[in-house]
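The values are calculated or read from the model by the stated rules, or taken from the named source; none is laboratory data. Because the structure is a prediction, the values reported are computed rather than measured. For neighbour counting, all protein chains shown are included, and Cβ atoms are generated from backbone atoms with ideal geometry for every residue, glycine included. What goes into the accessible areas is simple: the full protein's heavy atoms, side chains included, and nothing from ligands, DNA or RNA. Shrake-Rupley method; radii C 1.70, N 1.55, O 1.52, S 1.80 Å.
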Amino acid sequence: MKDANSRLVYSTDSGRIDEPKPVVERPKGDGIVRIQRQTSGRKGKGVCLITGIDANDEEIARLAAELKKKCGCGGAVKDRVIEIQGDKRDLIKSLLEAKGMKVKLAGG
């Protein structure tokens, strides 16, 4: 009787058996990078959220590090969204447009 939760992890013939890792399917956007300023849930401190970048996780992390360095502030990457501290929307827009991205300022 085979249990649905059981899986073979080691065989005496071939050794350890590695399961294939599932490929993460990234949703494709519309090709427009959006920059939004947000203060909600941050105790009044404003951050710029950059969404819509069609790249893998390593490229997004590299871009975030470059933007943080050029803006001279901190930030983070959470769920493929780059957060840059402070209101630097115009500077971020000019930097991303120089990289050939189509950029829109979203929100108020």
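Of everything listed in (1) outside any strand (DSSP E or B); (2) open to solvent by less than 50 Å² (accessible area, probe 1.4 Å); (3) touching a residue at least 24 places away in the same chain (Cβ under 8 Å), the single unmet condition for residue 87 is (2). Being closer than 29 Å to residue 23 by Cα and touching a residue at least 40 places away in the same chain (Cβ under 8 Å) is a condition met by at least one residue of segment 52-72. Scanning segment 23-58 for residues that are open to solvent by 90 Å² or more (accessible area, probe 1.4 Å), modelled with pLDDT of 80 or more and out of contact with any helix residue (DSSP H, G or I) (no Cβ under 8 Å at 6 or more places or on another chain) returns 43, 45, 58. If you go through segment 59-76 and pick out every residue that is crowded, with 18+ Cβ neighbours inside 10 Å and within 9 Å of the chain's Cα centre (by Cα), you end up with 1.
The number of residues in segment 72-84 being at pLDDT 90 or above and outside any strand (DSSP E or B) comes to 3.
To keep it simple, each residue is scored yes or no on (1) out of contact with any strand residue (DSSP E or B) (no Cβ under 6 Å at 6 or more places or on another chain); (2) of a type in the set (Asp, Glu); (3) over 19 Å from residue 32 (Cβ atoms); (4) in a helix (DSSP H, G or I).
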position: 54; (1), (2), (3), (4): yes, yes, no, no
position: 62; (1), (2), (3), (4): yes, no, yes, yes
position: 91; (1), (2), (3), (4): yes, no, no, yes
position: 94; (1), (2), (3), (4): yes, no, no, yes
position: 103; (1), (2), (3), (4): no, no, no, no
